[in-house]
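Shown next, in structure tokens, is the structure this report addresses.
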Amino acid sequence: MTLRFCLLGLVLFSFLASQVQSNFGETAVTTQTLYSANNQYIVYDLYKPKSATPEDKAPFIVVVPGFQRSKEALSNIAIELSRRGHVVALIDPYAQGMSSSSLSRRAATTEGYGMFALIDTVYNSKSYNYVDKSRLGSTGHSMGGNAAIRGANYFGKESIKNKSDSKLHSVYVSGYVLTLKENILKDVRSNIGVSYALYDEGAFRNELQGWDAGNMKIAPESLRLINSIFDEEDKINEVELGKYYGSLDKKNIRIVFNEELLHPFQPYNIIATANQLSFFDNVFDSPKKLDPFNQIWFWKELFTLLNMIIGFIMIIPLTKYLLNISYFKILVKKIPTPLPPLSGKSKTIFWLIFIISGGIASLTFIPMVDIAKELFPEAANRQLTWFFPQRMNNSVMLWAMFNGIIGIILFYISYNFFGKKNGVVKKSWGLDITKKELLRTLLLGLLVFACYYTILYLIYFIFHVDYRFWFMGVRIFQPKMLIILFMYAPFFFVFFFSNSLRVNGGMRFQKQPEWLSKLVAGFANSVGLLLIIVVQYFYYYNNGIVFWTDNWLSVNLLFGLVPMMFILPYFNRIFFQMTGRVYLGPIITCLIFIMILSTNTVIYLPI
């Protein structure tokens, strides 16, 4: 695929995605910034339907993503709510996405990740004269759901104190029930909808354990929610799912849904989305009447997925184009001769190393999560710091560096004890390079990185979309993220270089089809992490509780990491074939992949 066709594809699918996002021009989508207390700020996308006017005011709903998620990850909810006439603010939570960090270590609980400040601003500001101030709401998934229920409690206490209605008319809590407690619910003066996945991996934290923990018919959390509006004699023993309890006039509606899903996939399900839309249809009498199952958000997901795929493919012709520039032509070398064909003992050694390296990768990930908590205590405790401030990335960095070193050691052990005695020559590895060539290789990698993200910024500026699928996304970043990139990249580079060396110096054999070679390399690089997911969910399937409980969120992180690990060897092989050397691939992929990883996680920078 040529560079021209890639650019054309990005423009086409970005345009189509933007059309879906804006409901084909019926909704204006703009990015706003709200400055709050302590010089903090939140960045949010405002979805304003044309139908919302000062003469025909619309309800206002704040959508709050969960831990590790940026605003784009829940654009599907914003799209569907705005299609129904609601004004929607889709926020980047504090310490995530484009928003600032918070001075609070419990920002979801104490500030609603910034939602409290936004609700106050909209309620008191004359700028939002197209919003019905009596119908303000919030919804969120996971920790965003915690923010929503905490908001109901916060504004409920305020309403009790002021003897007035709560500013927060209604909230919808998805994927979180830990704070459905009497001390929280007793002060709520809002309608509440709750949606919890029947197979939520985090249900082990609920009051019941095992499979019953996710059953909202009998869970104490859902019973407590419903019974909070009843006198003692009217309390129920089992919740009827999908039934509205309470009264809209009294603003004490309660309803519970229990979709048969896993936690990370709950927001991206048509049924779960329909349940949420039905709730707001009922409590806010949606200005536009649409069937809850009339949804279009998945088309945007498809188009931005195609963007992500094309964006990755585009790196290849972009690099080829730059290599044709006279300054970089010296980097193009003859591809070294592949290793002798696998046979007999060499095949046994190859698969033995495959198993050992995969096993080490699998066994070391969770320990590295625990070690990161000790080495980087500030980030682990959600404190602002300049010292490796990405709580979740720290463990991945340690794992990557350790396994990169192990990979290089295994590579050289294999060569010294077997390879050099059986026809393997070092020239086949593609390591030979001069200082001048290495410097230009680094400059080329930086240039490819800059071009890749410049194109993304132009796409975002014109169409207000990025490259993504569900919670996996390539998003724009603020300049401060360059500090993070160059803080983490040197340590991650050990892994990326190790992978390039092994893929091109130890997994490239004569008479082996190229597609098979790359496929084996892809599995070799990802099988260890994939095995963690398999163990986690096989154990969960059999026992009703996940194997790793303390670090279950770190395991969930692997859903986005494993695909990245699988495609990495493909790029390292392709760049090796362009230059005949192992250096360009890890430089480009490290810069781009680590920026992707860094912009999709929490960051506790003191700015």
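Residues being closer than 16 Å to Lys181 by Cβ and without any contact (Cβ under 8 Å) to a residue 40 or more places away in the chain: count how many of those fall in the stretch 213-230. Outline the logic, then answer.
Initially, the stretch 213-230 is screened for residues closer than 16 Å to Lys181 by Cβ, giving 213, 216, 219-229.
If we keep only those that are without any contact (Cβ under 8 Å) to a residue 40 or more places away in the chain as well, we get 220, 223, 226-227, 229.
Within the stretch 213-230, residues that are closer than 16 Å to Lys181 by Cβ and without any contact (Cβ under 8 Å) to a residue 40 or more places away in the chain number 5.
Which of the residues belonging to the stretch 246-305 are of a type in the set (Ser, Thr, Tyr) and not assigned by TED's automatic domain parsing to the domain that holds Ala52?
At the first step, the residues of the stretch 246-305 found to be of a type in the set (Ser, Thr, Tyr) are 247, 268, 273, 278, 286, 304.
If the condition is that a residue be of a type in the set (Ser, Thr, Tyr) and not assigned by TED's automatic domain parsing to the domain that holds Ala52, then Thr304 is the only one that fits.
If Pro563 satisfies every condition in (1) crowded, with 18+ Cβ neighbours inside 10 Å; (2) within 25 Å of Phe388 (Cα to Cα) but one, which is the exception?
Every listed condition holds for Pro563 apart from (1).
From Leu458, Leu446, which residue is free of Cβ contacts under 8 Å to residues at least 60 places away in the same chain and either surrounded by fewer than 18 Cβ atoms within 10 Å (Cβ to Cβ) or among the charged types (D, E, K, R) (or both)? Talk me through it step by step, then tell me what you get.
Details: Leu446 fails: free of Cβ contacts under 8 Å to residues at least 60 places away in the same chain.
Criteria check complete, one pass: Leu458.
Looking at Ala117, Ala152 in this structure, which one is closer than 27 Å to Leu241 by Cα and either part of a helix (DSSP H, G or I) or outside the structural domain of Gly66 (by TED's automatic domain parsing) (or both)?
Details: Ala117 fails: closer than 27 Å to Leu241 by Cα.
Ala152 is the lone residue from the list that is closer than 27 Å to Leu241 by Cα and either part of a helix (DSSP H, G or I) or outside the structural domain of Gly66 (by TED's automatic domain parsing) (or both).
Counting only residues that are among the hydrophobic types (A, V, I, L, M, F, W, C) and touching an Asp or Glu at 6+ places or on another chain (Cβ under 8 Å), which one in the stretch 435-464 is farthest from Ile587 (Cα to Cα)?
Initial filter on the stretch 435-464 (among the hydrophobic types (A, V, I, L, M, F, W, C)): 438-439, 442-444, 446-451, 455-456, 458-459, 461-463.
Add one more test, that the residue is touching an Asp or Glu at 6+ places or on another chain (Cβ under 8 Å), and what stays is 456, 459.
Details: Leu456: 19, Ile459: 24 Å.
My answer is Ile459.
With respect to the numbered conditions (1) under 30 Å from Ile596 (Cβ atoms); (2) among the hydroxyl-bearing types (Ser, Thr, Tyr); (3) more than 25 Å from the chain's Cα centre (by Cα), which one is the sole condition not fulfilled by Thr53?
Among (1) under 30 Å from Ile596 (Cβ atoms); (2) among the hydroxyl-bearing types (Ser, Thr, Tyr); (3) more than 25 Å from the chain's Cα centre (by Cα), Thr53 violates only (1).
Being assigned to a loop (DSSP other than H, G, I, E, B), of a type outside the set (D, E, K, R) and under 21 Å from the mean Cα position of the chain (by Cα) is the filter here, so list the residues in the stretch 547-565 that pass it. Can you show your working first?
Kept after step one, since they are assigned to a loop (DSSP other than H, G, I, E, B), are these residues of the stretch 547-565: 547-551.
Add one more test, that the residue is of a type outside the set (D, E, K, R), and what stays is 547-549, 551.
Trp548, Thr549, Asn551, listed by residue number.
Check Lys289 against each of (1) in a helix (DSSP H, G or I); (2) at pLDDT below 95 and name the one condition it does not meet.
Lys289 satisfies all of (1) in a helix (DSSP H, G or I); (2) at pLDDT below 95 except (1).
Identify, from the list Ile61, Ile42, the residue that is in a strand (DSSP E or B), buried (at least 24 other Cβ atoms within 10 Å of the Cβ) and at pLDDT below 95. Outline the logic, then answer.
Numbers: Ile61 fails: at pLDDT below 95.
Criteria check complete, one pass: Ile42.
Can you tell me which residue is nearest to Tyr541 (Cα to Cα) among those in the stretch 231-256 that are touching a residue at least 60 places away in the same chain (Cβ under 8 Å) and buried (at least 23 other Cβ atoms within 10 Å of the Cβ)?
Of the stretch 231-256, the ones touching a residue at least 60 places away in the same chain (Cβ under 8 Å) are 251-256.
Right, trim to buried (at least 23 other Cβ atoms within 10 Å of the Cβ) and you get 255-256.
Values: Ile255: 28, Val256: 24 Å.
That would be Val256.
From the residues in the stretch 257-269 that are in contact (Cβ under 8 Å) with a residue 60 or more places away in the chain and assigned to a loop (DSSP other than H, G, I, E, B), which one is farthest from Val283 (Cα to Cα)? Step through it out loud before you land on a result.
Here is the first cut: in the stretch 257-269, the residues in contact (Cβ under 8 Å) with a residue 60 or more places away in the chain are 257-268.
Add one more test, that the residue is assigned to a loop (DSSP other than H, G, I, E, B), and what stays is 258-262.
Details: Asn258: 19, Glu259: 21, Glu260: 25, Leu261: 25, Leu262: 27 Å.
Here the residue is Leu262.
Scan the stretch 524-546 for residues that are assigned to a helix (DSSP H, G or I), of a type outside the set (Val, Ile, Thr) and either touching a Leu at 6+ places or on another chain (Cβ under 7 Å) or buried (at least 16 other Cβ atoms within 10 Å of the Cβ) (or both) and report the count.
10
Can you name the residue in the stretch 566-606 that is at pLDDT below 90 and assigned to a helix (DSSP H, G or I) and, of all such residues, is farthest from Ser498 (Cα to Cα)?
Among those that are at pLDDT below 90 and assigned to a helix (DSSP H, G or I), it is Ser598.
Pick from the stretch 174-208 the residues that are more than 27 Å from the chain's Cα centre (by Cα) and touching a residue at least 40 places away in the same chain (Cβ under 8 Å): which of them is surrounded by the fewest Cβ atoms within 10 Å (Cβ to Cβ)? Let's see the steps before the verdict.
First, the residues of the stretch 174-208 that are more than 27 Å from the chain's Cα centre (by Cα): 181-191, 207-208.
Next, from what is left, pick out any that are touching a residue at least 40 places away in the same chain (Cβ under 8 Å): 181-182, 185-186, 188-191.
Details: Lys181: 17, Glu182: 9, Leu185: 21, Lys186: 12, Val188: 26, Arg189: 21, Ser190: 26, Asn191: 28.
Ranking the qualifying residues of the stretch 174-208, first place goes to Glu182.
So Gln512 passes all but one of these: (1) surrounded by fewer than 18 Cβ atoms within 10 Å (Cβ to Cβ); (2) at positive phi. Which condition number does it fail?
Every listed condition holds for Gln512 apart from (2).
The values are calculated or read from the model by the stated rules, or taken from the named source; none is laboratory data. No experiment lies behind these values; they were computed from the predicted model shown. Quick reminder, even Gly has a Cβ in these numbers, built from the backbone with ideal geometry, and neighbours come from all protein chains shown.
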